[in-house]
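Novice: Sharing a structure, written as structure tokens. Questions coming.
The values are calculated or read from the model by the stated rules, or taken from the named source; none is laboratory data. Predicted, not measured: the structure shown is a model, and the values here were computed from it. Positions of Cβ are generated from backbone atoms using ideal geometry, with glycine treated the same way; all protein chains shown enter the neighbour counts. To get the accessible areas, we keep the full protein, side chains included, count just its heavy atoms, and leave off ligands, DNA and RNA. Shrake-Rupley method; radii C 1.70, N 1.55, O 1.52, S 1.80 Å.
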Amino acid sequence: QVQLVESGGGLVQPGGSLRLSCATSGIMFSIFDMGWYRQAPGNQREMVAAISKSGNTGYVDSVKGRFTITRDNAKNTVYLQMDSLKPEDTAVYYCRTIDPTNAYWGQGTQVTVSS
């Protein structure tokens, strides 16, 4: 069965860093574009970063220059390196396969940025 499992979230002070991982199984990972999304309380879920199967990346303006999405096809894993974190980055972060007919989500990992 398909599984996407996020890890690496936690509590960090403003200005700190976290690295999220999304380990996948049950899919042919290398053929999927992948995305990281986040949802803060009271807000809609938004795409934060995406990486194509060929490695092209894109980011929402609010995280450009601070977040970096990468993938390791040998490990079927997508990563999100988050630097210079701000309190407004606090949210549950999810990974997802970007595909109109095979959209799979992980269960999410909580990121809290607070002093």
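Novice: Identify the residue in region 39-51 that is farther than 15 Å from residue 106 by Cα and surrounded by fewer than 14 Cβ atoms within 10 Å (Cβ to Cβ) and, among all such residues, is modelled with the lowest pLDDT.
Specialist: 41
Novice: Still on this structure, please answer the following. Count, please, the residues in region 65-74 that happen to be over 14 Å from residue 88 (Cα atoms) and of a type in the set (Lys, Arg).
Specialist: Within region 65-74, residues that are over 14 Å from residue 88 (Cα atoms) and of a type in the set (Lys, Arg) number 1.
Novice: Moving on to the next point. Does any residue of region 13-20 turn out to be open to solvent by 40 Å² or more (accessible area, probe 1.4 Å), in contact with a strand residue (DSSP E or B) (Cβ under 9 Å, 6 or more places away or on another chain) and under 13 Å from residue 97 (Cβ atoms)?
Specialist: no
Novice: With respect to residue 71, is the statement that it is without any contact (Cβ under 8 Å) to a residue 60 or more places away in the chain, assigned to a strand (DSSP E or B), among the basic types (Lys, Arg) and surrounded by 15 or more Cβ atoms within 10 Å (Cβ to Cβ) true? Even if it seems obvious, please write down each step before you answer.
Specialist: Details: without any contact (Cβ under 8 Å) to a residue 60 or more places away in the chain: yes; assigned to a strand (DSSP E or B): yes; among the basic types (Lys, Arg): yes; surrounded by 15 or more Cβ atoms within 10 Å (Cβ to Cβ): yes.
When the stated conditions are applied, residue 71 passes them.
Novice: Across region 29-38, what is the total count of residues that are touching a strand residue (DSSP E or B) at 6+ places or on another chain (Cβ under 6 Å) and either of a type in the set (Asp, Glu) or open to solvent by 60 Å² or more (accessible area, probe 1.4 Å) (or both)?
Specialist: Qualifying residue count for the region: 1.
Novice: For region 92-115, name all the residues that are over 16 Å from residue 19 (Cβ atoms) and aliphatic (A, V, I, L, M).
Specialist: Those that are over 16 Å from residue 19 (Cβ atoms) and aliphatic (A, V, I, L, M): 92, 98, 103.
Novice: Can you name the residue in region 84-107 that is assigned to a strand (DSSP E or B) and either among the small types (Gly, Ala, Ser) or out of contact with any Gly (no Cβ under 9 Å at 6 or more places or on another chain) (or both) and, of all such residues, is most open to solvent (accessible area, probe 1.4 Å)? Show your work before the answer.
Specialist: Quick first cut of region 84-107, residues assigned to a strand (DSSP E or B) only: 91-98, 105.
Next, only the ones that are either among the small types (Gly, Ala, Ser) or out of contact with any Gly (no Cβ under 9 Å at 6 or more places or on another chain) (or both) stay: 91, 105.
Details: 91: 2, 105: 98 Å².
Once the filter is applied, the top-ranked residue is 105.
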